[in-house]
Structures are given as C-alpha cells and as structure tokens.
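The values are calculated or read from the model by the stated rules, or taken from the named source; none is laboratory data. Note that the structure is a prediction, hence the values are computed from the model and not measured. Note: ideal-geometry Cβ built from the backbone for every residue, glycine included; neighbour counts use all protein chains shown. Protein only, heavy atoms only, side chains kept; ligands, DNA and RNA dropped before computing areas. Shrake-Rupley method; radii C 1.70, N 1.55, O 1.52, S 1.80 Å.
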Amino acid sequence: MFIGAALPLVWLGGSWLAGTLGVIPEERLLHELGRWGLYLLLATLALGPAFRLTGWPGFPAVRRAMGLWAFTYLLLHVLVWMMMIQGGSWSFMVAEVQELRHLQTGLLAWVMLVPLVLTSVNRARDWLGRERWQRLHRLAYVSAAGGILHYWMVSRVIETELIVLGLIFGALVVFRLAEGWNFSSSGH
Amino acid sequence: MARLTYPIPPPSEITPKEVHAQRRRFLKQAGGLLLTTAAPLLSAAPAWQADMIRAPQGPFSTDEPLTDPAMAAGYNNFFEFGTGKEDPKRHAHRLRTHPWSVAIGGEVGRPGRYTLEDILAPHGLEERIYRLRCVEGWSMVIPWVGFPLGDLLKRFEPTSRAKYVLFETLHDPDQMPGQRSRILDWPYQEGLRIDEAMHPLTLLAVGMYGDVMPNQNGAPLRLVVPWKYGFKSIKSIVRIHLQEEQPVSSWTARQPAEYGFYANVNPEVRHPRWRQATERRIGESGRRRTELFNGYGELVADLYAGMDLHRHF
Ligand code: HEM
C-alpha cells in the first residue's frame, strides 16, 4: 500500500527534477496531484465495501494510511497552486478564490478533510467516542463529492475519466446507503 | 522595427530534413530569382513554403521577446488531436496538409474550391509578430507568416449581403483522432463580422518563426485575430463562407454562457472558469495584467463603438 500510494509522488518528483513534465511543468504537477489525490480519496472510501465483500482484514488495516496519503497529495495540490501557479501572492490568490466557483468548491472540499486528519490518531478517536468519530468521518464522502464537482467544474469538456470517477463514487454511496450508515468499520 | 533573431525551429514535417537543409543552403546561394522555379525540383513541398524564409516584416509587429518556438509548438489547444496541452504535438503528424484546398462560397462573386497554391499565389507573405492571449489565462508572442485575410476576401468579391464570415476546420477523424469523441460538434467552426475580417490586423497564416506552420499550430492555413481570445483563431481551414447571418462558433454552441461570439480579450469581462484580469506569459514566471483588446485597442476599438462589451462578450 505504502509503495502504491507513494509511487506517483516519487514519479512526479523524479520527472520534475528530470524536467520531463512538459512545457509547463507546474501545471502538470498541479493536475497530477489533484487527480491522484482524488483517486486515493475514492480508494480510501472503497476499502469499506472491499472489506465487506471479501472479508479480508488487509483492507480496513490500511484505511487510515491511505486517507492520509490522499490528504498529502491534495495538500501538495493546494501548495503548488499557491506557490507556483499564483506565485505565492496573497492578493492574486484571494482575487482568484473570490471570483472562481471551482476554487471555492475545491477549497470547501479540502477544508473538510482537515478535521479528519486531525482526528486520525487513536487518541482523538477515543476522545470523541467511536460513534461521533464515525459520524465525523463521513465527511470524507462529502469531500469526495466536492472533489468530483471541482474536477467537473475545471473540465472544459466532459471527459470519460470524469464520468468513470462519478460512477465509482455513485456506486460507493449506493453501497454505503444499502449497508446502512451505522455499520461498523471493524479493524480500524 | 527591430529584426529579431530566434533559434531556427526543427525542419517542417513536410520537407525531409536533408532536403530542407539543402534548400536553405541553396536559397542562400541562389537568391530569390531562381527560387520559385528551383524549389519544386528540390522537394515535393510547394514553392510558397520557400518564400517564408525571406518574408519581410509587416506592420503592427510588437518588439516584445518572442515565445520559445518549442513552447509555441508544444503547448497547444487543438482538440481535434486531443484535449491535453501536449496531445496536438504528439498526434498532429497524422494530418496531411498537402494537397489542400479551401471551399470559398456564400455571398461572393467567385465561389469555388481552390487549392492552397491558388489561394496563396497573388499574396506576398509577410511576418507579423503578435501577442496571442488564450481564454485560459496564458499568452505568447509569436512571429506569424501570412497575409491579411481582407486581401483574400476582396479577391473573391463579397456581395453587399456578406455581413459575416464563417470558417470551418477539416473534419476527418482518421487524420484528427480527437474528432472521434463528441466533446465538440465537429467540424470546428468560427466566425467574424465582415469588418473584423477585413481589418488589416486579421491574418491568414501559413507559417511561424520563419518556417512552415507546424501541424499542431493549424497547418496549412489558419486564422490569427490577435485582439480576440485564441479559440477564435481557427486552425486548418477548409471552408470560408460569407453570409448574412451571424455564425455560431463551436465553443459558443457548447457553452453559450462562457464563450461569446465576439470573444474580445477583456480583463473586465468575467469568465466563470478563468480569471481574465491577469495572464501568464508562457516562459515567464508570475502573472501580468491583461489589456483590453489584448493591447490592440488603438487599432480595433472603433469596431465596437457604442457596443456594450459586457453584453456582447
Ligand atoms: C478535495 C480537494 C480537491 C480535489 C480532490 C482536487 C482535485 C482536482 C482535480 C482532479 C483536478 C483536475 C486535474 C486534471 O485536469 O487532470 C484539479 C484541478 C485544479 N485544482 Fe483541485 N482539487 C482539490 C482542491 C483544490 C483547491 C483547494 C484548490 C485551490 C484553491 C484547487 C485548485 C485547482 C486548480 C487551479 C486546478 C486546475 C484548473 C485548471 O487547469 O483550469 N484544487 N483539482
């Protein structure tokens, strides 16, 4: 899991250093980080159903780590946007976020992940209580929905990939609803 | 106007490398006189391509630094070859630009289908260094080689009912694999009002950086309208149709709220996807302010006198 999640990052870092990310490397970096962040976020959500279907305890065991990897990519996505695309200029950043809906959507989706990261340690879960912790962590679904919406809004045309991601997310939600909101995530 | 020097880009796709080098050497020695007769003997490439090397500097050129030709030919929007910025460069070799013909019709005295050679024959090519501003918030400075569109239109004798000009790109999914997905209604169409089309700034270009137009930049014949967002400057043109009704551009058909018919560069008119107040000049870091009409206001603002540019965006 570790290797799988780190590989795109290693590849991106290596390509960056080697200068093989194309004409405008920071733009490519931004897009790849956003896409891999979203893939990992959806993969994290898929671990629950994968466990229910197979019973293999390996799936829930990596959930926390995978969620943190997803956040890492999206944190880098935001940092690349701030420092490389907007040149670290607050006035540019503020003006862009004020004007553009897709950035507001992305920001909202991203901010929702922050409490999940902060409460990802065992101590926080014990402190919140399992029930409340689980309810809080359903925000991951809202964040993923926001992420897909954000992707849709930045797309100039509807690409197949977007439709596939939307369908995967839809299937995850349906599975979750069918299972009931209260099924427990054993092993976490 | 200062003569600019720039790295010579790779030889065109059309002319094999050796022939190209040979032709360049030959041209240096033989000069212009022999050119038109000798060039066809040396390669299959049409003679007009050789004229580019000595195209004189035309009016309206900017003296801003040129965009690196590798970037200008490597970072493109040409959805006929894919939606990624580097897809066109990767796939455009499939486009066959020779032979090429253009159907000129509608409200003109001499409609018909003309070969590219016929179209170019009476026009002297010149170099024009223009800014190019994409609606996505980036810009380049490109030395085009071409001639004023107005000169061509006059030759075909527009009637008094010719109020607009419609342009159409080649439609052939075998050569343009991007056309297999229905992301836009193919063929790509664009349009200009007749006075915009006749404006001396408006070019038909057949080359850039002193060489034949790379396929991914719209070979063999493309429009260049420097005061409008780049998507108006339609590529690989096969049809020019003069008409009374305002044409509907492909992007307008796809997203009427985002892409208007005029698409004049305007930092004040908001676009939901990209902030238009600033732009990134490719090759520079940071962003610069975008200018009304892409800085060509002195030349073109009169065309829109009295019009509400927010409504007619
Ligand atoms: C959960 C949060 C987020 C997710 C899942 C996400 C995901 C994505 C994805 C998948 C793309 C498209 C990549 C592609 O075209 O290949 C993208 C593009 C982009 N994202 Fe995000 N993103 C998030 C948050 C943000 C935030 C907070 C910002 C900045 C404030 C941001 C700025 C951008 C920009 C500027 C683009 C490119 C738009 C363009 O090219 O026109 N994203 N993001």
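The table that follows gives values for the structure above.
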{"read-out": "Chain B: calculated mean residue ellipticity at 222 nm from DSSP helix runs of at least 4, using -39500 (n - 2.57)", "value": "-5000 deg cm²/dmol"}
{"read-out": "Accessible surface ranking that places the most exposed of A:THR44, B:THR159 first, with a 1.4 angstrom probe", "value": "B:THR159, A:THR44"}
{"read-out": "Percentage relative contact order, chain A, counting C-alpha pairs under 8 Å, at least six apart", "value": "24"}
{"read-out": "³J(HN,Hα) computed for each position of segment B:152-164 - Karplus, 6.51 cos²θ - 1.76 cosθ + 1.60, integer Hz, glycine/proline x", "value": "5, 4, 4, 4, 9, 6, x, 7, 6, 8, 7, 9, 9"}
{"read-out": "With Cα atoms, 0 to 90° folded angle of helix A:160-179 axis to chain A main axis", "value": "20"}
{"read-out": "Residue-averaged 222 nm ellipticity for chain A, from DSSP H runs of 4+ at -39500 (n - 2.57), nearest 500", "value": "-25500 deg cm²/dmol"}
{"read-out": "Amide hydrogen neighbours beyond the local backbone of B:ARG281, cut-off 5 Å, H modeled", "value": "B:SER139, B:ARG288"}
{"read-out": "Buried on assembly, segment B:248-273 (at least 20 Å² less accessible surface than by itself, 1.4 Å probe)", "value": "B:TRP251, B:ARG254, B:ARG270, B:PRO272, B:ARG273"}
{"read-out": "With Cα atoms, 0 to 90° folded angle of helix B:32-42 axis to chain B main axis", "value": "80"}
{"read-out": "Burial of 40 Å² or greater, segment A:150-170 residues [accessible area, probe 1.4 Å, versus chain by itself]", "value": "A:ARG156, A:VAL157"}
{"read-out": "In Å², nearest 10: area of B:HIS93 left accessible to a 1.4 Å probe", "value": "130"}
{"read-out": "Karplus (6.51, -1.76, 1.60) ³J(HN,Hα), θ = phi - 60°, over segment A:86-94, in Hz, Gly and Pro reported as x", "value": "9, x, x, 8, 4, 5, 5, 4, 5"}
{"read-out": "Amide proton proximity set for B:VAL108, modelled H, under 5 Å, gap of 5+", "value": "B:THR159"}
{"read-out": "Whole-number percent relative contact order across segment B:120-200, with pairs defined as alpha carbons under 8 Å at least 6 apart", "value": "28"}
{"read-out": "Ranked order, B:MET71, B:MET208, A:MET83 - accessible area, probe 1.4 Å, largest first", "value": "A:MET83, B:MET71, B:MET208"}
{"read-out": "Using alpha-carbon coordinates, inclination of helix B:17-30 to the longest axis of chain B, degrees", "value": "70"}
{"read-out": "Protein accessible area in the protein assembly as shown, 1.4 Å probe - carbon and sulfur %", "value": "60"}
{"read-out": "Computed FRET value (nearest 0.05) for A:SER89 with B:ARG96, which takes r as the C-beta separation and R₀ as 41 Å", "value": "0.35"}
{"read-out": "Added length on full extension, which subtracts the Cα-Cα distance from 0.36 nm per residue, A:MET82 to A:MET1", "value": "26.3 nm"}
{"read-out": "A:LEU41, A:LEU149, ranked by accessible area, largest first (probe 1.4 Å)", "value": "A:LEU149, A:LEU41"}
{"read-out": "Area of A:ILE85 that stays accessible when all protein chains are in place (1.4 Å probe, Å², to 10)", "value": "40"}
{"read-out": "Equivalent ellipsoid semi-axes, segment A:15-158, via Cα gyration tensor eigenvalues times 5, rooted, Å", "value": "30, 18, 15"}
{"read-out": "Translational D in µm²/s for segment B:17-304 (Stokes-Einstein at 4 °C, 1.567 mPa s, Kirkwood Rh from C-alpha pairs)", "value": "66"}
{"read-out": "Pairwise FRET efficiency - B:SER181 versus A:ALA171, Cβ, R0 = 22 Å, nearest 0.05", "value": "0.40"}
{"read-out": "Surface accessible to a 1.4 Å probe, A:HIS137 within the full protein complex, Å²", "value": "40"}
{"read-out": "Alpha-carbon centroids, segment A:129-180 and segment B:157-233: separation in whole Å", "value": "40"}
{"read-out": "Relative contact order, percent, segment B:231-288 [alpha-carbon distance under 8 Å, six or more residues apart]", "value": "17"}
{"read-out": "Accessible area buried between chains A and B, both sides summed, probe 1.4 Å, in Å² to nearest 100", "value": "2000"}
